[in-house]
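We did not get these values from a lab; they are worked out from the coordinates using the rules stated. Predicted, not measured: the structure shown is a model, and the values here were computed from it. All Cβ positions, even for glycine, are placed from backbone atoms using ideal geometry, and neighbour counts span all protein chains on display.
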Amino acid sequence: MKILVDAHVFDGKFQGSRTYIKGLYSALISKQKDWKFYFAGYDVSVLKKEFGEGKNTHYIQLKNRNKLVRLFYEFPQIIKRLKIDFSHFQYISPLIKRGKYIVTTHDILFEEKRFSHFFPKKYKLINGTFFKHSAKKADVLLTVSTYSQQKISELYNIAKDDIHITPNAVAQLDEKTTKDNHIKEEYGIEKYLLYVSRIEPRKNHIAILKAFINLKLHTKGYKVVFIGKQDINDPELDTYIKEHNKILNEHLVQFPNVSGIALQKFYANAACVVYPSFAEGFGIPPLEGAVYGSKVLCSNATAMQDFTFFKYHIDPYNQKEIEESLCKLLEHEDVNIEKTRSLILEKYTWEKSAEVFVKAVSNKVY
């Protein structure tokens, strides 16, 4: 069995699909020794670091940076040349069919009327066409949550049984990552609320800043740390930051990106990991926060409704509830971090997702 993986996301800005491909295929490489995996990207050295150089791993350097050329010309040529059995794409597959296609549609939130205003018109127009076509034409269709499965089935008219759930998972904490003074020494930050996410309106960053200001947390030595690039402009957030610049200029710290080890350090040393997002196809950061040992304040909306192991599982539209819950969490209330970590590591594993993947693909071999 030859499987080609579109791994170009390892060359650009950090995306959730990168974590997904890394986790899923690391498990598959170990599990399916008799399968051959071909990873295609622009920087082969990066891919080799991520997936190793075993007997069943192979690497292909992509030549075309243009998305359309890559998808609709280069990949079909690679598939034909190497006689690939299955090719795996995130969201969009080539229009030209060569071999069988696996497509992971992580979410279609922009297709829901209640969330449509969070996305640019161009994004909705282009992706709405390609996402639907790719999902309906996939030989194996995957997604990451029960919520996304339901919405894809409902809005794209695809039977639920034909949509296989391969959830994201969280790796165990790196042994070198402990609760130490790394963040304080390197970044000058000691007590902080942490939000890891791209910046865009649906992520609801403003709720945390409002809570920070209303609760006067700066007077108690806290700061707010945002890690993630701005993806879609959020004028309301920008205006709020300007209006409260006197406080936030010193107490809001933003990083477009940090290394994997640094991110684990930020998680492990946070006073609280916050995630008040309005809509997610999955939502990995709150799980990472808990697994890495921090208290978590998490939205209960969309796919995150499954995260019932969080004691403070809040309505992201209820600012009062957000602030009251945050107060309780910061007052050293015991939220049984060890139990939450165990539940997450038991429920979300790449090995389980790999098993679903293998079964779904094997059923299409004929």
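The stretch 114-176 and the stretch 288-360 have Cα centres separated by 21 Å. For the stretch 1-105, the orientation-averaged shadow of the C-alpha convex hull comes to 6.0 nm² (one quarter of the hull surface). Taking max minus min of the alpha-carbon positions on each principal axis, the stretch 182-347 gives extents of 43, 35, 30 Å, largest first. Mind giving me the FRET efficiency for Lys83 and Ser30? R0 is 22 Å, r the Cβ-Cβ distance, nearest 0.05 is fine. With R0 = 22 Å, the Cβ-Cβ based efficiency is 0.35.
What FRET efficiency comes out for Lys97 versus Met1 if R0 is 22 angstrom and r is the Cβ-Cβ distance? Round to the nearest 0.05. According to the calculation, E is roughly 0.75.
For the listed peptides 241-249, 348-356, 82-90, 20-28, a ranking on the average number of other beta carbons within 10 Å per residue, highest first, reads 20-28, 82-90, 348-356, 241-249. Once backbone amide H atoms are built at 1.01 Å from N, His164 has Leu141, Leu142, Thr143 as its partners under 5 Å, excluding neighbours fewer than 5 places away on the same chain. Projected onto the charge dipole of the chain (+1 at Lys/Arg Cβ, -1 at Asp/Glu Cβ, origin at the Cα centre), which of Ser353, Gly99, Ile21 gives the Cα projection farthest towards the positive end? Farthest towards the positive pole: Gly99.
For the chain, the mean residue ellipticity at 222 nm estimated from helices alone is -12000 deg cm²/dmol, where every DSSP H run of n ≥ 4 contributes -39500 (n - 2.57) and the total is divided by all residues, rounded to the nearest 500.
For the stretch 86-102, the Karplus equation 6.51 cos²θ - 1.76 cosθ + 1.60, evaluated at θ = phi - 60°, returns couplings of 10, 10, 10, 10, 9, 6, 10, 10, x, 5, 6, 8, 10, x, 9, 10, 9 Hz by residue, with Gly and Pro reported as x. Applying the criteria of a DSSP loop state and at most 15 other Cβ atoms within 10 Å to the GluC sites (Glu not before Pro) of the stretch 1-100 yields Glu53.
Projected onto planes of every orientation and averaged, the convex hull of the alpha-carbon atoms in the chain covers 18.1 nm².
Taking each residue as 0.36 nm, the span from Asp334 to Ser259 lengthens on full extension beyond its C-alpha to C-alpha distance by 24.0 nm. Note on the stretch 58-115: Kirkwood radius taken over Cα pairs, Stokes-Einstein applied at 25 °C and 0.890 mPa s, translational D equal to 192 µm² s⁻¹. Note on Lys347 and Lys320: the extension gain reaches 6.6 nm, defined as 0.36 nm multiplied by sequence separation minus the Cα-Cα distance. Multiplying the residue separation of Ile126 and Glu112 by 0.36 nm and removing their Cα-Cα distance gives an extension gain of 3.5 nm. When Tyr156, Tyr123, Tyr147 are arranged by Cβ crowding within 10 Å, least crowded first, meaning fewest neighbours, the order is Tyr123, Tyr156, Tyr147. Highest mean packing comes first when the peptides 115-122, 218-225 are listed by Cβ atoms within 10 Å, giving 218-225, 115-122. Around the Cα centre of the chain, unit charges on the Cβ atoms of Lys, Arg, Asp and Glu (plus for the first two, minus for the last two) sum to a dipole of about 1460 debye. Taking amide H as placed 1.01 Å from N in the peptide plane, Glu190 has no amide H partner under 5 Å among residues 5 or more places away or on another chain. Please state the shape class of the stretch 12-169: rounded when a/c is under 1.5, otherwise prolate if a/b exceeds b/c and oblate if not, all from the C-alpha gyration tensor. Taking the square roots of the gyration eigenvalues as a ≥ b ≥ c, the stretch 12-169 is prolate.
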